[in-house]
Amino acid sequence: MALAFDEFGRPFIILREQEQKNRLRGLDAQKANISAGKSVARILKTSLGPKGMDKMLQSPDGDVAISNDGATILELMDVNNQIAKLMVELSQSQDYEIGDGTTGVVVMAGALLEQAERLLERGIHPIRIAEGYEMASRIAVEHLECIAHKFEFGVTNIEPLVQTCMTTLSSKIVNRCKRDLAEIAVKAVVAVADLERKDVHLDLIKVEGKVGGKLEDTELIYGILIDKDMSHPQMPKQIEDAKIAILTCPFEPPKPKTKHKVDIDTVEKFQTLRLQENKYFDDMVQKCKDVGATLVICQWGFDDEANHLLMHRNLPAVRWVGGVELELIAIATGGRIVPRFQELTPNKLGKAGLVREKSFGTTKDRMLYIEHCANSRAVTIFIRGGNKMMIEETKRSIHDALCVARNLIRNNSIVYGGGSAEISCSIAVEAAADRYPGVEQYAVRAFADALDSVPMALAENSGLQPIETLSVVKSLQLKENNPHFGIDCNDVGTNDMREQNVFETLIGKQQQILLATQVVKMILKIDDVISPSDF
């Protein structure tokens, strides 16, 4: 640490407890930061693209997660380094905003840091590098606008959306039935989308999973699925044209708020109390019957006596349904959530065409389907799979696909995938570098080189010769002036991504470049790191 001396040459301390702190400054600090960022990017590099590898992460309490999603991997990795944490936040912000491209954005940031390290070694000031990167990112984002295509789709023509979702799902574990899952995701989004406002409320899409069956059994339910069964085994398992009372009040006699005790010294008093309680239950059940309810869904439980009474009165009921599920049922059936029995009226009942209980396999697991609702703006995607890890990973993949479909409804511009957009931007940035006379020119060129890292990683993960493949595709793009040529990861035989139907959303790509540049600029501007020492 730095020591300061007074006019008599005596040292005095500036930093408190400085002997317990480590300090890196100047070029050393920048290099340490860059190597931390690069090492995080290196971990994710092998997960990029359709042939990318998966990572297996074990939490301290023994839970195992297998994932291919950049944001999930980094979140579960529990990194300790400050700069590595920035990379984790980078992939999370891409996940929150776009939902897809979380691996690519970290790989991109890693490549920019690698190029910046070379420039620092040549003695170029970090601020000049950061400014050059900023200029280059602006050129790349504008160039993406130029090469983007508008996609026309409607409620009846959803094929363009399905193709884009298939590109997203092709890099996940679930790629063997990506067509089915992409269709399910798109239909779910179109069902809840407000196409006039170009807005999608993803909370209305509930994703449920159940171990068992196979991935192909995954289905889309135009209604709500709840992991509950009828409260009494003899209640009807199927109700058509159900009128649903949604209650958040308990099905039991009211309890006084004060402390109380009841003295019962004779049998008659006990009988009176029991009859009184029975009457309470009777009135409650009668109230539900009077307003015309044919199914009661209750947030709280009710005891066996109430259950027995409901069974006798032919009023099917479901108990212990969660608050979020109640809200979704209310949205789907057009009902109102009733907090008190006194407020129950016929116009507060929800309507559903069919309520059925379905059991799975040989287990006693049963679930309740509420379908053909009055307002089908709430849908459920029900995932089946061989084990818990598979279902969790499928949920993450479906989430990515839902986000991509939502982004396309918001902004229907697409660019072609397979690294073609990055190669095209790299060529454009390289060409524009000559316009800058100062030192920034080096940084702009370095940015163009960094853009090539994504197609290079794609080629490497697909088992192709990375440098050779990249140079072939780049020369094709230059020769034919066609930005649709990319890396042929799946060995289809053509490099034209238009023919391969590999699309990505424009806003997703732009966001990747902007976010990666911002984080790299931030890392480059740090020249002093003071941290507590390890011992």
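The values are calculated or read from the model by the stated rules, or taken from the named source; none is laboratory data. Bear in mind that the values here come from a model prediction, so they are computed numbers and not experimental data. Here the Cβ is made from the backbone with ideal geometry for all residues, glycine too, and neighbour counts use every protein chain on show. Ligands, DNA and RNA are excluded from the accessible area calculation, which covers all protein heavy atoms including side chains. Shrake-Rupley method; radii C 1.70, N 1.55, O 1.52, S 1.80 Å.
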Unique residue being modelled with pLDDT under 85 and open to solvent by 20 Å² or more (accessible area, probe 1.4 Å) when the list is Ile530, Ile467:
Ile530
Criterion first (part of a helix (DSSP H, G or I), open to solvent by 10 Å² or more (accessible area, probe 1.4 Å) and out of contact with any Leu (no Cβ under 8 Å at 6 or more places or on another chain)) does Arg138 satisfy it?
yes
In the stretch 284-304, which residue that is in a helix (DSSP H, G or I) and touching a residue at least 40 places away in the same chain (Cβ under 8 Å) is nearest to the chain's Cα centre (by Cα)?
Cys288
Looking only at residues that are within 28 Å of Ala332 (Cα to Cα) and hydrophobic (A, V, I, L, M, F, W, C) in the stretch 276-297, which one is surrounded by the most Cβ atoms within 10 Å (Cβ to Cβ)?
Ile297
The listed residue being touching a Cys at 6+ places or on another chain (Cβ under 9 Å), surrounded by 18 or more Cβ atoms within 10 Å (Cβ to Cβ), within 24 Å of Gln276 (Cα to Cα) and among the basic types (Lys, Arg), out of Arg340, Arg319
Arg319
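Among the residues in the stretch 252-262, are any touching a strand residue (DSSP E or B) at 6+ places or on another chain (Cβ under 9 Å), of a type outside the set (S, T, N, Q), within 30 Å of Ser359 (Cα to Cα) and free of Cβ contacts under 8 Å to residues at least 60 places away in the same chain?
No - not one qualifying residue is present in the stretch 252-262.
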Per the list (1) surrounded by fewer than 20 Cβ atoms within 10 Å (Cβ to Cβ); (2) more than 25 Å from Thr103 (Cβ to Cβ); (3) in contact with a helix residue (DSSP H, G or I) (Cβ under 6 Å, 6 or more places away or on another chain), residue check on Lys474 breaks on (2)
Given (1) farther than 30 Å from Val141 by Cβ; (2) open to solvent by 10 Å² or more (accessible area, probe 1.4 Å); (3) in contact with a helix residue (DSSP H, G or I) (Cβ under 6 Å, 6 or more places away or on another chain), Ile383 misses just (2)
Within the stretch 322-335, considering residues that are touching a residue at least 12 places away in the same chain (Cβ under 8 Å) and among the hydrophobic types (A, V, I, L, M, F, W, C), the one most open to solvent (accessible area, probe 1.4 Å):
Ile331
For the stretch 216-238, pairs from a residue that is over 18 Å from Lys364 (Cβ atoms) to a residue that is of a type in the set (Lys, Arg), with Cβ under 7 Å and 6 or more apart or across chains, are Asp217/Arg384; Thr218/Arg384; Leu220/Lys187; Ile224/Lys206; Gln238/Arg356
Can you tell me which residue in the stretch 253-266 is least open to solvent (accessible area, probe 1.4 Å), limited to those that are modelled with pLDDT of 75 or more and within 23 Å of Leu309 (Cβ to Cβ)?
Ile264
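Does the stretch 404-420 contain at least one residue that is within 30 Å of Glu468 (Cβ to Cβ) and in a helix (DSSP H, G or I)?
Checked the stretch 404-420: at least one residue is within 30 Å of Glu468 (Cβ to Cβ) and in a helix (DSSP H, G or I).
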All positions within the stretch 429-447 that are charged (D, E, K, R) and either surrounded by fewer than 20 Cβ atoms within 10 Å (Cβ to Cβ) or without any contact (Cβ under 8 Å) to a residue 24 or more places away in the chain (or both):
Glu430, Asp434, Arg435, Arg445
Looking at Arg410 and the list (1) of a type in the set (Lys, Arg); (2) in contact with a helix residue (DSSP H, G or I) (Cβ under 9 Å, 6 or more places away or on another chain); (3) under 30 Å from Lys210 (Cα atoms), which single condition is not satisfied?
(3)
